[in-house]
Amino acid sequence: MPPAFDVYVWVEPVDRDGSLSRFIDRYVDVERPGDPRFPAFVRTFVSHEPAHGDADALAELRRDDAAERAFSLYLRAIGHCGAIVTVTEEGALVLGLSLDGPLNASETTREAADLMADLMAEFAATGGIAGVELAPPQSASEWRDAYVLLRTGASEERSR
């Protein structure tokens, strides 16, 4: 299986509910999301009706024990290899899609650049990054410091 080329966009929390709903509706296989914590995520962040235990389930998604709010949810995607939803320490969203493709292939890089531009427009994102097997940034500083193959938008000012 070739490595994944991950494309992420940074979405400010102005319309977090709408952005999450649109991303889920368009890109996530909601019938088979691939992570049993997906319903807890939807109840908590989309419908705002969390059930008992949802906070604990979402806390399991934290990559870093020191993280207070940041976590990432890896999901099955529609039309892509994977969909990733991250809530950052700052409360912003990092929305991502994974492309299947050979390492450093110019065709995959072009496809990633086009996808990044489309996602930025669709979600009014302020920045985009992409790279091979790139973990989703869970804070503004991780976004700024990420070693990436593609970067666009106003990402440098975010962590200052």
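The values are calculated or read from the model by the stated rules, or taken from the named source; none is laboratory data. Since the model is a prediction, treat every value here as computed from it, not as a measurement. Neighbour counts run over all protein chains shown; Cβ positions are idealised from the backbone, glycine included. Surface accessibility is based on the protein's heavy atoms, side chains included, excluding ligands, DNA and RNA. Shrake-Rupley method; radii C 1.70, N 1.55, O 1.52, S 1.80 Å.
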* If you find the alpha carbon centre of region 28-61 and of region 123-148, how far apart are they in angstrom? -> 23
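Solvent-accessible area per residue for the chain at a 1.4 Å probe radius, Å²? Please report the intermediate quantities before stating the final value.
Values: 8080 Å² over 160 residues.
Normalised by residue count, the accessible surface of the chain is 51 Å².
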* Asked: Which distance in nm do the two modelled labels at Arg22 and Ala51 give, with both placed 7 Å along the Cα-to-Cβ direction?
  -> 2.9
* **Simple spin-label estimate for Arg62 and Ile78 in nanometres, 7 Å along Cα-Cβ** => 3.3
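Given Cβ point charges of +1 (Lys, Arg) and -1 (Asp, Glu) and nothing else, what value in debye, to the nearest 20, does the dipole of region 1-114 about its Cα centre take? Let's see the in-between values first.
Working: 11 positive and 21 negative charges, 41 e Å.
Result for region 1-114 is approximately 200 debye, rounded to the nearest 20.
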* Burial order of peptide ranges 91-100, 43-52 (average beta-carbon count within 10 Å, highest first) -> 91-100, 43-52
* To do: Consider the candidate values (i) 18.4; (ii) 17.0; (iii) 15.7; state which one is Kirkwood radius over Cα pairs in Å computed from the structure displayed.
  => (iii)
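Would you mind calculating the gained length between Asp118 and Ser106 on full extension (0.36 nm times residue separation, minus the Cα-Cα distance), in nm to one decimal?
Numbers: separation 12, 0.36 × 12 = 4.32 nm, distance 1.84 nm.
Result: 2.5 nm gained on full extension.
Please identify the helices of the chain, taking whole runs of DSSP H, that span at least 18 Å along their own axis as judged from the Cα atoms and have a mean Kyte-Doolittle score of -0.5 or higher.
Once both thresholds are applied, what remains is 106-123.
By per-residue mean of other Cβ atoms within 10 Å, what is the highest-first order of 76-85, 29-38, 139-148? Numbers along the way, then the final one.
Working: 76-85: 18.2, 29-38: 14.3, 139-148: 16.7.
In descending order of packing, they fall as 76-85, 139-148, 29-38.
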* Asked: Can you pull the percent of region 27-86's accessible area that's carbon plus sulfur, 1.4 Å probe, other chains left in place?
  -> 50
